[in-house]
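Written out below as structure tokens is the structure these notes cover.
The values are calculated or read from the model by the stated rules, or taken from the named source; none is laboratory data. If you're wondering where the values come from, they're calculated on a predicted model, not measured in any experiment. Note that we place each Cβ from the backbone using ideal geometry, even for glycine, and neighbour counts take in every protein chain shown.
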Amino acid sequence: MIRLCFLFCFMASLALGETFSDLVLKGRIKEPYMIELSKKIEEIEVTLDEEKMVDIEAILKDYSSKEPDNFLWLYLLSRIHFSFVNLFENVKVDDEKAKEYLEKALDDAKMAIKLESNFSDSYRIAADIYGRLIGFKPPMIYGPIYGPRASKLIKKALELDPNNPEVYLAQGRSYLFTPRVFGGSKKKAIECFKKVSDILPGYHWSYVWQGQAYLKMGRKNEAKEAFEKALSLEPKNFWARHEIERLGGGDFR
């Protein structure tokens, strides 16, 4: 009863648009285990360590089953399931498993939003998930369906927190992978990724995605510089290291 009362009061007092990082910095999330798990997820998102993914997923499922009304567990679960998507799509090359985890991540994010509608990060990851789903289904059919959903979620996330760097990364990815005829723009994508650096200087993901945008524009030297910058900021970043190796090997897609 005490735990449920605390959770209700916590959710009722959630300031408009606060992110997970905001809650930690302001001392609103005091449980060391939740903060520690979030840090481990951040590391997994960088390294794509499958063994750690499996361990953290099991822990999060356990906490979520014990506290089904706590939206933060579902938000964290959506992130770990999204990491499985990246693992199976980009490392293990198993699209069926990637799609399976994408659906799980979407269910988690939807439930997190249902439980707490003022949490910017949940809308952000839901937008990313819809964007990725387009790649696993006939794009001419699902692009016009999932694309607007992702845009709507990004808009909501920005309304809740106009200074959330993760939302600008999501918006940039949306511009980057959306066909030009439907509003995509590599230039706008780079602007979004650079804005992340303005909000959060030294954030390695800003440079990883700048590099991806430059690659799509055929600007390989600038792409390599961006990836090298990302790797200098986070030496464990799988994506930056992979792209540098690929560029060095001359395999340009």
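Take the conditions surrounded by fewer than 19 Cβ atoms within 10 Å (Cβ to Cβ), of a type outside the set (S, T, N, Q), modelled with pLDDT under 95 and over 28 Å from Ile190 (Cβ atoms) and apply them to Glu67. Does it pass? The answer is yes for Glu67. If you check Ser232, Ser206 for being assigned to a helix (DSSP H, G or I), more than 18 Å from the chain's Cα centre (by Cα) and within 25 Å of Ser83 (Cβ to Cβ), only one passes: Ser232.
Considering every residue within the range 118-128, establish whether at least one is farther than 24 Å from Ile56 by Cβ and either touching a residue at least 12 places away in the same chain (Cβ under 8 Å) or not hydrophobic (A, V, I, L, M, F, W, C) (or both).
Yes: the range 118-128 contains one or more residues that are farther than 24 Å from Ile56 by Cβ and either touching a residue at least 12 places away in the same chain (Cβ under 8 Å) or not hydrophobic (A, V, I, L, M, F, W, C) (or both).
When Asn118 is tested against the conditions (1) farther than 26 Å from His204 by Cβ; (2) part of a helix (DSSP H, G or I), the lone failure is (2). Val208: within 27 Å of Leu106 (Cβ to Cβ) and touching a Leu at 6+ places or on another chain (Cβ under 6 Å), yes or no? No.
Identify, please: which residue in the range 152-192 is crowded, with 19+ Cβ neighbours inside 10 Å and of a type in the set (Gly, Ala, Ser) and is, among those, nearest to Ile113 (Cα to Cα)? The selected residue is Ala157. Can you tell me which condition Asp22 does not meet? The list is (1) in a helix (DSSP H, G or I); (2) of a type outside the set (A, V, I, L, M, F, W, C); (3) at pLDDT below 55, and all the others hold. Here Asp22 meets the rest and fails (3). Just checking, does the range 76-97 include any residue being buried (at least 19 other Cβ atoms within 10 Å of the Cβ), without any contact (Cβ under 8 Å) to a residue 24 or more places away in the chain and either of a type in the set (A, V, I, L, M, F, W, C) or not in a helix (DSSP H, G or I) (or both)? Checked the range 76-97: at least one residue is buried (at least 19 other Cβ atoms within 10 Å of the Cβ), without any contact (Cβ under 8 Å) to a residue 24 or more places away in the chain and either of a type in the set (A, V, I, L, M, F, W, C) or not in a helix (DSSP H, G or I) (or both).
Across the range 42-64, the qualifying residues are those that are among the hydroxyl-bearing types (Ser, Thr, Tyr) and over 17 Å from Ile113 (Cα atoms), and the one among them that is surrounded by the most Cβ atoms within 10 Å (Cβ to Cβ) is Tyr63. Here Lys216 fulfils each of the conditions (1) under 22 Å from Thr178 (Cα atoms); (2) surrounded by 20 or more Cβ atoms within 10 Å (Cβ to Cβ); (3) in contact (Cβ under 8 Å) with a residue 40 or more places away in the chain apart from (2).
Scanning the range 120-138 for residues that are surrounded by 15 or more Cβ atoms within 10 Å (Cβ to Cβ) and over 14 Å from the mean Cα position of the chain (by Cα), we see that the one that is modelled with the highest pLDDT is Ile134.
Yes/no per residue for (1) under 19 Å from Ile125 (Cβ atoms); (2) aromatic (Phe, Trp, Tyr); (3) modelled with pLDDT under 95; (4) touching a helix residue (DSSP H, G or I) at 6+ places or on another chain (Cβ under 6 Å):
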| residue | (1), (2), (3), (4) |
| --- | --- |
| Leu37 | yes, no, yes, no |
| Glu45 | yes, no, no, yes |
| Ser83 | yes, no, no, yes |
| Tyr101 | yes, yes, no, yes |
| Lys104 | yes, no, no, yes |
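Which one of these does Ile141 not meet: (1) surrounded by 15 or more Cβ atoms within 10 Å (Cβ to Cβ); (2) part of a helix (DSSP H, G or I); (3) free of Cβ contacts under 8 Å to residues at least 24 places away in the same chain? Single failed check for Ile141: (1).
Residue-wise test of (1) in contact with a Cys (Cβ under 9 Å, 6 or more places away or on another chain); (2) of a type outside the set (Phe, Trp, Tyr).
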{"site": "Asn164", "(1), (2)": "no, yes"}
{"site": "Leu169", "(1), (2)": "yes, yes"}
{"site": "Phe177", "(1), (2)": "no, no"}
{"site": "Gly184", "(1), (2)": "no, yes"}
{"site": "Lys187", "(1), (2)": "no, yes"}
{"site": "Ile190", "(1), (2)": "no, yes"}
{"site": "Ser197", "(1), (2)": "no, yes"}
{"site": "Lys229", "(1), (2)": "no, yes"}
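The one condition from (1) surrounded by 18 or more Cβ atoms within 10 Å (Cβ to Cβ); (2) out of contact with any helix residue (DSSP H, G or I) (no Cβ under 9 Å at 6 or more places or on another chain) that Pro201 does not meet is (1). Residues that are within 30 Å of Asp49 (Cβ to Cβ) and assigned to a helix (DSSP H, G or I) do not occur anywhere in the range 178-187.
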